[in-house]
Structure formats: structure tokens, C-alpha cells
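First the structure, in the form of C-alpha cells, and then the observations on it.
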Amino acid sequence: GPALDMYHATSTFCNTPKFRPGLEAWLNCDFKDVFAREAGIKGAWDGIPRLEHWIDRAWVAFFAGPSAGMKHSMMVTNLIRSVHFFSKYPIVVYVIGTEVLREDWTPEAFPRLIVIHADSIAVMNGGSDNGLSFNFNKMRSMLLQIRVGVQVDADMVVGQNSDRLFDATAKHITKQYPYPINPVHWMARYKEEGREIDGFPMYAKDYPHEWPSRIRWVHCHPTWTHHALPFIADLLLCKLDEGMWATSPRVKAVLGPHPLPNPPEYLTEDEDLFNILLWRYKAHKQWCLWDVEPFAFEKFLNGEVNNDWKDSKWYPEGVPLMLLTMHNTKQTEIVDGMIGKLARTGFPQGYIHFKQKYYNSPEELMRHHGDVFHAGKVPCLLA
């Protein structure tokens, strides 16, 4: 069950003194009652989460920075507001090294907000974050007791129909397929001599030809269930100590007795490492693109034809867009106003875009274009 998956995921960290402090986290006491409700805790409780206390489903974000102003913390406020307007699930914000929260981050203002605190990831790296991107805190935030999670960055907001990701995640990530699933990227980040792939060869990364076949690049906005916790831990361990990762019995069971090191260019950021390890583990499920840029989201809201993001290798028919969330919401005042307006007016009914048309559901899309999905020309999952 979930507790055993968590044990398998975290035992290496917990048994290694230099890593153990990085798994310590504590619930902000202001959100004790919210946590108790979402974890199904009955009666009197001391506010300390225990092994049996699991949140069933939640959005998860991670954050560090000043509590005031209209920049980073305001982006997170917009995310929290969007969850409260357009989702029925809680949002867990994993706050790193920041003691003072925004004044409006309260259970009164946001009754489905839960704040978890943790120290800097530097505590897992000898006290230094040199060469350790802040974004690897994403893996730490995913190692919480949540059965089904959807990771969203600070510069995102969710929209109507976004809750569909949770049922779809529970369906596709199982004991038989214990890996996170990420949305396909708008770039393939792949090049092939003598062949035009997607018009963005300058962003391509080399990949050893003798390794397992890769698929199109994905964004680092994973969805997961408790079954994927060991793989998430492998990601973090690979960044912190690749030698220890390579000698892990779990890793050797998948990659063989002597796993080769990853190319250095794949160890810099969370998204790079996510992609190469999913390829190496032959974990080839990916969502159709659901974390769209503001310009694409605005086209959706206006009923305009959207980009198809096709490539000549994996998606020759184009990539279906599921207009579920918006990414890159750094213009906080504009996004703030957009959320308020959408809360009043609602969203267009058709949220899936493919071949210059919008569809109301995966079933409707498949009635019109099921042939290209079944032929493998659109190898992504719908929600």
C-alpha cells in the first residue's frame, strides 16, 4: 500500500545521515484543521502528521521567497485562488526556508490550503546549494503522503476541468506502471541528421543512441500516485549522489548491474533529469499538452484556432491541447484579473483542441480522430 511505497522511496535517504534532514518537514499549525479534514483524521489531534495520515488527492506546489509584493508569492496566491475557484481538491504549498507567509495565506481566506515547511535543499548537500538548482525541491515536495498528486509550479493557475487529471492519473499510474506522467512539451528537443523535426533544433539535446529509444520531451509538471514514489526518490538521489544511485538495488534491477552515468547536460535541471530517466526506465506514457502558455490559453478563451505543435517523428498529426492549466503566469496583476473574470463568466465548454477544432471530452475527440490515436500518430494520453 501507500505506506510501503513511501518506505521503499525514502529508506535510503532516512538511513543516510547526510540526506536525512532534507526529508524533515512540518505542518504549519494554522492549517492543522484543514490537514485533519483532508487526511480523514477524526477527533482530537496534536497536529503532527503520522504514517497513517494520507491526503487522498491534492495539487502540490513549492515556493520560497519574500511574502510581500506582486512577484513570486503573488504568483502562488493566484495559483491558490484558481484552485479554490475551479477545483474541489486541496492545494499543498511546500514552503522552503520561508517563515513569514503572505497575509492572505490563511484557512479563513483559503479553506483548502495546506502549508508544509521545510529547510533548504542545501541540508542534503553538505550545507551548500552550489550546483543544486532550486527546482529539485520539486521532488522533495512530491515525497509527501499524498495518494494522487498533480504538481504545479508557482507560475501556473488551474482552470475548469483540471480536476480530470486526478482520475486519469489514478487510472494510468499503478503498481504495474509505477512512474509519473508529465505533459508533452511544445518542443521535441530532438534533432536528427537530414531531417526537420519541429523547427527548434537549437534546443535539442544529444542522447546516446545505444540507450533505450526516447520519446518526445515532456514538461516537468508531473502527476503521480503513491506507486511512483520510489521513482521520484530515484530522481532526487541521482541528482544528489549519482554514484549511490547507480549502486541502488532498485536502479540496478531496472538498468542492469552496472548503470552508466547520465550525460552531464541532463543533470542540471529537474526537467532534464526527469526526461532522461523516464527514457532509460522505458516509461513512455505522457499526457497531451495541458500546461499551456498564456497566448494559447487566451486563444482558447476566445474560441480561436490554436497551434498544433506537430513534429515529424512522434506527432506528425499535431499535439492535442487540453486547456486545463496555464503556465508562465508571471504578469500577476493581469492573471489576477483574469481569474476573477473567469470565476464570474465561466469557461468555454470545449477544452480539448486538435486539428483546428475544440472538443468537449476525450470521447468526442476520439469519435472524430480515434484512428490517428490508434495508429500511434498521437502517442499521448487524454484526461
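Taking each residue of region 315-333 that is at positive phi and looking for partners that are among the acidic types (D, E) with beta-carbon atoms closer than 7 Å, six or more apart or interchain, yields G318/D308; N328/D155; N328/E293.
Here L321 meets the list (1) more than 24 Å from A61 (Cα to Cα); (2) of a type outside the set (S, T, N, Q); (3) touching a His at 6+ places or on another chain (Cβ under 6 Å) almost entirely, failing just condition (1).
Residue by residue, here is whether (1) touching a residue at least 40 places away in the same chain (Cβ under 8 Å); (2) open to solvent by 10 Å² or more (accessible area, probe 1.4 Å) holds:
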| residue | (1), (2) |
| --- | --- |
| D234 | yes, no |
| V254 | no, yes |
| E265 | yes, yes |
| Y281 | yes, yes |
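Going by what's in this entry, would D153 be described as open to solvent by 20 Å² or more (accessible area, probe 1.4 Å), closer than 28 Å to L324 by Cβ, part of a helix (DSSP H, G or I) and modelled with pLDDT of 95 or more? Criteria not met by D153.
Within the span defined as region 80-90, one or more residues are charged (D, E, K, R), within 19 Å of the chain's Cα centre (by Cα) and in a loop (DSSP other than H, G, I, E, B). In region 103-141, what residues are polar (S, T, N, Q), within 16 Å of P21 (Cβ to Cβ) and touching a helix residue (DSSP H, G or I) at 6+ places or on another chain (Cβ under 6 Å)? Answer for region 103-141, where residues must be polar (S, T, N, Q), within 16 Å of P21 (Cβ to Cβ) and touching a helix residue (DSSP H, G or I) at 6+ places or on another chain (Cβ under 6 Å): S128, N137. Going through (1) open to solvent by less than 50 Å² (accessible area, probe 1.4 Å); (2) in contact with an Asp or Glu (Cβ under 9 Å, 6 or more places away or on another chain) one by one, V93 falls short only on (2). On inspection, S67 fails the criterion of being of a type in the set (S, T, Y), touching a Leu at 6+ places or on another chain (Cβ under 9 Å) and not in a loop (DSSP other than H, G, I, E, B). Just give me the residues in region 27-50 being part of a loop (DSSP other than H, G, I, E, B), within 23 Å of T169 (Cβ to Cβ) and open to solvent by 30 Å² or more (accessible area, probe 1.4 Å), in sequence order. Result: G40, P49. Looking across region 20-62, not a single residue is acidic (D, E) and either touching a His at 6+ places or on another chain (Cβ under 6 Å) or at positive phi (or both). Entry remark, region 99-120: residues being open to solvent by less than 20 Å² (accessible area, probe 1.4 Å) and modelled with pLDDT under 95 number 0 in total. When M202 is tested against (1) more than 19 Å from the chain's Cα centre (by Cα); (2) farther than 29 Å from S312 by Cα; (3) free of Cβ contacts under 8 Å to residues at least 60 places away in the same chain, only condition (2) is not met.
The values are calculated or read from the model by the stated rules, or taken from the named source; none is laboratory data. What you see is a predicted model; the values in this text were computed from it and never measured. Using ideal geometry, Cβ is built from the backbone for each residue, glycine included, and neighbour counts are taken over all protein chains shown. With ligands, DNA and RNA removed, areas are computed over all heavy atoms of the protein, side chains included. Shrake-Rupley method; radii C 1.70, N 1.55, O 1.52, S 1.80 Å.
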